[in-house]
1. Show the residue pairs that are 6+ apart or on different chains and have beta-carbon atoms under 8 Å apart, the first residue being within the stretch A:284-313 and farther than 21 Å from A:TYR553 by Cβ, the second being outside any helix (DSSP H, G or I) and among the hydroxyl-bearing types (Ser, Thr, Tyr).
2. Search the stretch A:407-429 for residues that are under 15 Å from A:ALA508 (Cβ atoms) and pair each with any residue that is among the charged types (D, E, K, R) when their beta-carbon atoms are under 8 Å apart and the residues are at least 6 apart or on different chains.
3. Does the stretch A:171-190 contain any residue that is under 18 Å from the mean Cα position of the chain (by Cα), crowded, with 18+ Cβ neighbours inside 10 Å, over 20 Å from A:ILE284 (Cα atoms) and of a type outside the set (Gly, Ala, Ser)?
4. Could you list, in sequence order, the residues of the stretch B:48-63 that are surrounded by fewer than 18 Cβ atoms within 10 Å (Cβ to Cβ) and either touching a strand residue (DSSP E or B) at 6+ places or on another chain (Cβ under 6 Å) or assigned to a helix (DSSP H, G or I) (or both)?
5. Name the single residue, out of those in the stretch B:24-34 being in contact (Cβ under 8 Å) with a residue 40 or more places away in the chain and closer than 16 Å to B:ALA80 by Cα, that is farthest from the other protein chains (Cβ to nearest Cβ).
6. From A:ALA323, A:ALA292, A:ALA344, A:ALA340, grab the single residue that is part of a helix (DSSP H, G or I), out of contact with any Cys (no Cβ under 9 Å at 6 or more places or on another chain) and within 20 Å of A:LYS551 (Cβ to Cβ).
7. Take the stretch A:197-220 and flag every residue that is surrounded by 20 or more Cβ atoms within 10 Å (Cβ to Cβ) and in contact (Cβ under 8 Å) with a residue 24 or more places away in the chain.
8. At pLDDT 85 or above, under 30 Å from A:LEU294 (Cβ atoms) and crowded, with 23+ Cβ neighbours inside 10 Å - does that describe any residue in the stretch A:468-477?
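The values are calculated or read from the model by the stated rules, or taken from the named source; none is laboratory data. Because the structure is a prediction, the values reported are computed rather than measured. All Cβ positions, glycine included, derive from the backbone under ideal geometry; neighbour counts span all protein chains shown.
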Amino acid sequence: MGAEQAWLLAAIPAGMFVVLALFGRKLPRGGDYLGILAIGSSFVLSFFVLADLLGTEEKLGPITKAIDWTQIGNFQLRMGTFVDPITVVMFGVVTTVALMVNIFSVGYMKGEPRYWWFFAVLQLFAASMLLLVMADNLLLLYISWELVGVCSFLLIGFYWEKRSATEAAKKAFITTRIGDVGLLIGIILLWREAGTFNIQEIIQHAEEGHFSSAYLFVSMCFIFLGAMGKSAQAPFHVWLPDAMEGPTPVSALIHAATMVVAGVYLTARLLPVFEVADGTTLIITIVGLVTAVLTAFMAFAQTDIKKVLAYSTVGQLGFMFVALGSGNPSAAMFHLMTHAFFKALLFLGSGSVIIATHHNQDMSKLGGMWKKLPITGTTFLIGSAALAGVVPLAGFWSKDEVLHSANSEWGPWALAIAGGAAVMTAFYTTRLFIRTFMGEPRDAHVYEQTKEPGWAMTGPLVFLAFLAVVSGLVVFHGVGKVLGFPGGITEFVFLEEAEKYSIDWGLAALSLLISATGIGIGAWMYWGNSTRRSTSLATSYPRAYDALCNKFYFDEAYQWCIDRGVLGFSFLVSWFDRYIVNDTGVDGSAQVTGFSGYTLKFLQSGKLPNYAMGIALGVVALAFAGILVRG
Amino acid sequence: MVPLENYLVLSAIVFSLGVYGVLARRNAVLILMSVELMLNAVSLNFVAFAAYLDPNRITGAIFAIFVITVAAAEVGLALAIVIRLFRNRSTSNVDEAAIMKW
């Protein structure tokens with residue numbers, strides 16, 4: 001088993017999806033153990049791939065394998081896998097999180113209807129994401145990209161008896177679809193000029209300067225549109241918080257490992273092309289910064305645990321795009337990895353709270369949960385601290401890297417904005433933790449019933465908490481050396497030139513200050529069950545508070561546009577269809593035939609002399625006509 | 001030799017008589033007879049033209065024989081219909097047999 005067989009990683013869960021979809025209903029326990037087995041074997045195999053990659057001669061050189069797929073005219077389409085450090089990082093992240101989510105779901109989904117179907121789609125979800133990160137050409141990538149979209153639709157709308165869930169599923173699907181159309185246009189544009197779908201050949205084509213700069217700029221903007229849609233960057237961020245309607249393990253999977261990071265992966269993969277296309281990196285950076293700040297604001301006023309986490313995900317994805325826009329894929333992939341671990345931890349932790357409190361996810365009814373849920377509380381604290389960027393947890397190192405690259409590429413303004421977003425992140429994370437786990441319970445009834453869930457749910461939490469603590473350390477040379485990739489992750493995931501990681505002490509101090517500030521403000525406002533300070537703030541600035549509660553009216557604005565634009569246009573089209581196409585075209589021609597038939601039938605009088613006269617007059621008329629024509 | 005015009009004039013007169021008979025008569029048998037007149041007028045035309053324009057070829061005569069054959073068949077069929085009509089309605093007046101209409 002080497003990296004040439006990397007396709008097995010996707011094939012095993014995909015095959016298991018088929019098995020579970022066909023027979024899952026009849027299997028004992030819905031076949032959940034088969035799902036765990038499939039994703040577990042992918043998890044194990046990903047280490048073989050890593051080992052194979054580390055053993056290559058030319059130092060982490062990509063390992064490719066492709067087969068001829070089809071021939072259309074002169075165009076030969078080859079499909080295959082492409083394994084390089086970015087892929088391996090994604091393998092690790094996706095399989096780890098998917099495995100943890102699968103195990104967690106055994107506890108979380110217990111007794112739910114369609115239990116077997118849930119596990120089946122989880123397999124397909126993981127398989128499509130794994131296929132996406134190893135695709136060597138844009139066509140295969142697009143196929144798996146859409147598969148990921150379909151799976152998210154199925155899982156967000158898992159409780160399809162609930163109207164809000166189906167609405168959320170539709171919203172997620174349609175919003176990402178708008179970006180997907182852009183991606184498809186971008187892929188076709190690149191193919192038209194380069195004549196290939198192969199990613200490496202396109203990169204080479206771009207670097208040799210065969211694209212005209214305006215053409216490349218437009219194509220890459222379309223490609224980035226796809227990444228924005230999938231990664232829920234502003235202004236496409238609206239679907240992600242609504243996606244919380246799905247079961248919580250799905251939220252963990254979507255937010256940490258699959259789906260939303262696909263956009264980050266795509267941008268990282270095509271970063272050499274983005275760098276050739278002048279101006280696109282600035283666009284990426286600005287989109288990332290705007291999203292990070294915007295969603296941090298939105299997270300302030302949310303009272304639903306999962307919604308706060310959803311906005312924090314969008315914000316962290318913004319950070320990853322800032323790193324990519326700054327030309328530092330290593331930092332982006334590093335942040336992606338650490339974020340995947342602690343965000344999966346936070347989501348699964350919130351899932352544990354939800355199960356423990358019998359489906360209560362409103363912070364205003366929680367509080368003081370730490371006493372009742374010691375394991376969940378402790379692991380959640382670790383996850384929150386990692387998200388807030390507390391040294392030495394994972395989030396600190398990767399966020400530091402992002403800030404560092406933003407500073408060195410774009411200068412202090414980018415650092416200031418990103419830093420501001422980081423302060424806000426630390427603030428609302430603190431608020432989330434204090435409101436949920438500390439202080440006095442606000443709802444005695446809920447508190448009474450709370451009980452720590454079983455090992456199936458706490459086990460993954462502990463494992464992910466461990467990763468959230470240590471995964472940041474791979475940044476160091478020594479740690480990397482022990483694990484087999486000397487130079488740490490920053491040299492592992494490089495695209496062009498490696499950059500040795502060195503701690504910028506000033507920046508490290510700054511980022512420490514950032515998280516301390518955020519946590520400090522959060523603690524000052526919410527410590528000890530008191531909402532006095534936050535309420536007084538909300539009442540002194542009612543308009544700002546309203547805007548936050550309504551998420552800056554994005555949904556309302558979109559609804560307005562849909563009502564006026566789409567429905568107005570639809571009205572015109574339906575009017576045209578009803579009165580022109582249907583009434584005039586279809587019914588009209590039928591009526592003309594019917595009316596002329598009704599009128600002409602009276603000519604058939606049944607009287608023989610009339611017919612004879614008709615024939616005679618006809619002959620005369622023809623004779624005259626002939627004379628006239630002949631002249 | 002009788003000039004061609006005479007034949008044509010005779011043919012036209014006979015044809016017109018036939019047309020008049022078809023249009024004016026109400027008796028089915030008389031209508032059939034008028035039709036025969038028209039057919040014979042046409043046959044006369046064929047034969048006359050054949051004799052005058054190209055005496056060596058008998059194309060026109062053959063056409064005339066065809067017309068006679070077809071006319072015989074037609075009359076056989078039509079008279080059968082007329083007999084059925086008479087059996088059922090006790091009349092051969094075509095105005096009385098006008099129920100096949102809209």
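1. Short answer, once both residue conditions are applied: A:THR285/A:SER326.
2. From the stretch A:407-429, the pairs are A:ALA422/A:LYS399.
3. yes
4. Taking the stretch B:48-63 and keeping what is surrounded by fewer than 18 Cβ atoms within 10 Å (Cβ to Cβ), we get B:49, B:51-59, B:61-63.
Selection gives B:PHE49, B:ALA51, B:TYR52, B:LEU53, B:THR59, B:ALA61, B:ILE62, B:PHE63.
5. The initial filter retains those residues of the stretch B:24-34 that are in contact (Cβ under 8 Å) with a residue 40 or more places away in the chain, namely B:26-29, B:31-32.
This time we only want the ones that are closer than 16 Å to B:ALA80 by Cα, so: B:27-29, B:31-32.
Values: B:ASN27: 11, B:ALA28: 8, B:VAL29: 13, B:ILE31: 7, B:LEU32: 11 Å.
If we take residues in the stretch B:24-34 being in contact (Cβ under 8 Å) with a residue 40 or more places away in the chain and closer than 16 Å to B:ALA80 by Cα, then B:VAL29 is farthest from the other protein chains (Cβ to nearest Cβ).
6. Numbers: A:ALA323 fails: within 20 Å of A:LYS551 (Cβ to Cβ); A:ALA344 fails: within 20 Å of A:LYS551 (Cβ to Cβ); A:ALA340 fails: within 20 Å of A:LYS551 (Cβ to Cβ).
None of the others qualify; the one that does is A:ALA292.
7. First, the residues of the stretch A:197-220 that are surrounded by 20 or more Cβ atoms within 10 Å (Cβ to Cβ): A:197-199, A:202, A:205-206, A:211, A:216, A:219-220.
Scanning the stretch A:197-220 gives A:PHE197, A:ASN198, A:ILE199, A:ILE202, A:ALA206, A:PHE211, A:LEU216, A:SER219, A:MET220.
8. yes
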